[in-house]
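Colleague: Before I ask anything, here is the structure I am working with.
What follows is calculated from the coordinates using simple rules that are stated; it is not laboratory data. Note that the coordinates shown come from a computational prediction; the quantities given were computed from them, not determined experimentally. Note that each Cβ is placed from the backbone with ideal geometry, even for glycine, and that neighbours are counted across all protein chains shown.
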Amino acid sequence: MNEDEDRIRECKKCEDLKQAETRSDGVPDLSSNFCSDEGTYYLTLPLLSTNGTLPNRGSYEEPLLDKRIASLDVFRGLTVVAMIVVDYFGGHWWGINHAPWNGVTFADFVLPAFLFIVGVALSLTFKVTTNKLDVSCKLVLRVIKLFSLGLLLQGGYLHSVNDLSYGIDMQRIRIMGVLQRIAIAYGTVACFEIFSSRTTSEASGTFFGVIKVYCWQWIGGALLACLYAGLLYGVYVPNWQFEAPHESLYVDINAWRGNISLLQVDCNVRGDVSPGCNAVSFIDRTIMGVSHLYTKPAYRRLEACSVDSPYTGPPPENAPSWCMAPFDPEGLLSSLPAVITCFIGAHYGHTLLLVKDHYRRIQQWSILGAGLVIFGFVLEFAGVPFNKQLYSLSYTFLTGGVSGIMFIVIYMIVDVYKWRLSTIIFKWIGAHALMVYALISCNVIVVVVQGLYWNSPDNNMITMILEALGLS
């Protein structure tokens, strides 16, 4: 029995594998492109094709999970490196730090780019699911693991570079974070990929043809945008109080209760998008509690809150009370448009699957990327500011479009022109993104290294390096 017959027997769940691999119009019929054997997916059409011809069967019939998209790994690796640079050096050079409130900087494009990449990868991973129940159980377990890892790494349990304290009060643990947001976006988009009905055999390979096949993903994204906008501008935000930080200079002696000083933020508004009275923070405080939010928000670097703005510094004499208030930039409501970014990435992956030549892929990706950027600026001019902290819709479309354009550039360099040697380090980082991010960006290595000191905990290698760089 020859190799083709062996492959067909292994892929027995694909009954139409022996049928025609392409339709008469030249568009791949994806109903026969994939077959599954105990969760391993085999691709019977080349994922990347530089021309209209197909290679011999033996050269491209490989497990899909083993055939990684090089440009996707490189893009992921670049994003992880950017995350590390922002986390370690953003506080010292404002140009690579997050915008304090409205506006965007280099740092504000990093997380959306990673969410975009997650969406692209999801569209490839869950292209065919023969056992939805089994895949769903594995998905839930994976989401729980990622969310739990985020709690451990970003909930305050591990200390920061300049803080040698250890452990966290469970009453003050931060619930949300970067990994938690990725887990939410991953789980939501994966559910659409698994359970949405689609007929790939009817795909025309055009821009709107791809949208038609995956219309439920677009409907889901539109509903999330409407839900987010409705809550952001429709929820009434009352006055609220919070416990003043110990280092705070804002102590209202009329608010003393025992040894706890409370500060009040006057709101009583609806549709406000200022730092102190927005619905994003109100919903987070209501559901998670004010003590479980991020305690060092970026808006502390606003001119109203810092005499050293755009850097962190002492508050001005008449600084508003909300300058010391906690706020989570990866909160619950703001995670809804973050899921939309993941949906945008999934569409790029769908195009990668349904359109088989480089030129048409790049053409369709460029149309969508440019359209998203333009729409983002239209919303900005209409009064919806670019705001990473709120993850505003204008910010969602701008960063989603820029991420798509960046993916096009990397795709052309790595997968079209095959310039891979110069990007091999980023490809390796991208293939091990979670490990690199956890070890470096979440201070795991820092904790280990700072645990080795002489005479005093302050005498350690990390402190010496920071002092040598002038960053201590």
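Colleague: If you add up the charges near Pro337, with Lys and Arg at +1 and Asp and Glu at -1, over every other residue whose beta carbon is less than 14 angstrom from its beta carbon, what do you get?
Modeller: My count for the surroundings of Pro337 gives 0.
Colleague: Which order results if Asp284, Asp415 are arranged by neighbouring Cβ count within 10 Å, fewest first?
Modeller: Starting with the residue having the fewest Cβ neighbours, the order is Asp415, Asp284.
Colleague: Roughly speaking, what is the stretch gain from Arg142 to Thr312, that is 0.36 nm per residue apart minus the C-alpha to C-alpha distance, in nm to one decimal?
Modeller: 57.5 nm
Colleague: Then there is this: Measure up Lys132/Lys356; Lys127/Lys356; Lys127/Lys212; Lys356/Lys427 against 21 Å on the Cα-Cα distance and list the ones that go over.
Modeller: Over 21 Å Cα-Cα: Lys132/Lys356; Lys356/Lys427.
Colleague: Tell me, in nm to one decimal, what length is gained between Ser196 and Leu133 on full extension, where the rule is 0.36 nm per residue of separation less the Cα-Cα distance?
Modeller: 21.3 nm
Colleague: Moving to a separate point now. Taking the Cα centre of each part, how many Å lie between the stretch 262-280 and the stretch 376-445?
Modeller: Spelled out, the Cα-based centre of one part sits 31 Å from the other.
Colleague: Only counting other Cβ atoms within 10 Å, I'd like Leu72, Leu263 sorted with the fewest neighbours first.
Modeller: Leu263, Leu72
Colleague: Go ahead and run the numbers for FRET between Leu227 and Met464, Cβ-Cβ distance against an R0 of 56 Å, rounding to 0.05.
Modeller: Efficiency computed from Cβ-Cβ geometry: 0.65.
Colleague: Could you work out how far apart the two model spin labels at Ser274 and Asn239 are, taking each label as a point 7 Å from the Cα in the direction of the beta carbon, and quote it in nm?
Modeller: Distance between label points: 1.5 nm.
Colleague: Restricting to DSSP loop positions (anything but H, G, I, E, B) with no more than 16 other Cβ atoms inside 10 Å of their own Cβ, which chymotrypsin sites (Phe, Trp or Tyr not before Pro) remain in the stretch 265-322?
Modeller: Within the stretch 265-322, the qualifying chymotrypsin sites (Phe, Trp or Tyr not before Pro) (loop, at most 16 other Cβ atoms within 10 Å) are Tyr311.
Colleague: For Ala370 and Leu262, what does the FRET efficiency come to when R0 = 60 Å and r is the distance between their Cβ atoms, rounded to the nearest 0.05?
Modeller: The formula returns an efficiency of 0.75 here.
Colleague: Moving to a separate point now. Whole angstrom only: what separates the Cα centroid of the stretch 202-245 from the Cα centroid of the stretch 67-141?
Modeller: So the separation of the two Cα centres works out to 19 Å.
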